[in-house]
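Novice: Structure provided below as structure tokens; questions to follow.
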Amino acid sequence: MHIRRMVIPVLALLLSACSVLEGTPQPAPPLTDAPQEIQRNQTQGLQRMGTVSVMVQGAPSDSEAALHQKAVAAGADYYVIVLNDETVVTGQWYAQAILYRK
């Protein structure tokens, strides 16, 4: 009986914790000559162009640089990195980003 009484407050707490992860929408920074990495909560009002992915040998920063180059080639204004993870091969990184334009 005591466990049933705790279920609703625990569920409410878990659901409210999800909103903490969302973040309050923020405006994207002013446009520059090169694409800028932004956070997901800064994408409101931007037009989604598509996704790009890379697989590179090296470090996480190498995959981030490769994503930036793909964003430049696509003519994007902004991009959000959604995944940057090492594969089962040591030193090989797979990364993915969503491209946006103003």
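Rule-based calculations on the coordinates, nothing more; no lab input. On a predicted model such as this, the values are computed, not experimentally measured, just so you know. Cβ sites come from the backbone with ideal geometry, for glycine too, and all protein chains shown count toward neighbours.
Novice: Output the residue which, of all residues in segment 84-102 that are surrounded by 20 or more Cβ atoms within 10 Å (Cβ to Cβ) and of a type in the set (Gly, Ala, Ser), is farthest from GLN44 (Cα to Cα).
Specialist: It comes out as ALA95.
Novice: Keeping to segment 27-83, report how many residues are among the hydroxyl-bearing types (Ser, Thr, Tyr) and either within 19 Å of TYR94 (Cα to Cα) or part of a helix (DSSP H, G or I) (or both).
Specialist: Qualifying residue count for the region: 5.
Novice: While we're here: Mind checking whether some residue in segment 75-83 is closer than 18 Å to LEU31 by Cβ, small (Gly, Ala, Ser), touching a residue at least 12 places away in the same chain (Cβ under 8 Å) and surrounded by fewer than 17 Cβ atoms within 10 Å (Cβ to Cβ)?
Specialist: Yes, some residue in segment 75-83 is closer than 18 Å to LEU31 by Cβ, small (Gly, Ala, Ser), touching a residue at least 12 places away in the same chain (Cβ under 8 Å) and surrounded by fewer than 17 Cβ atoms within 10 Å (Cβ to Cβ).
Novice: Can you tell me how many residues within segment 84-102 are in contact with a Gly (Cβ under 9 Å, 6 or more places away or on another chain), free of Cβ contacts under 8 Å to residues at least 60 places away in the same chain and outside any strand (DSSP E or B)?
Specialist: So the count comes out to 1.
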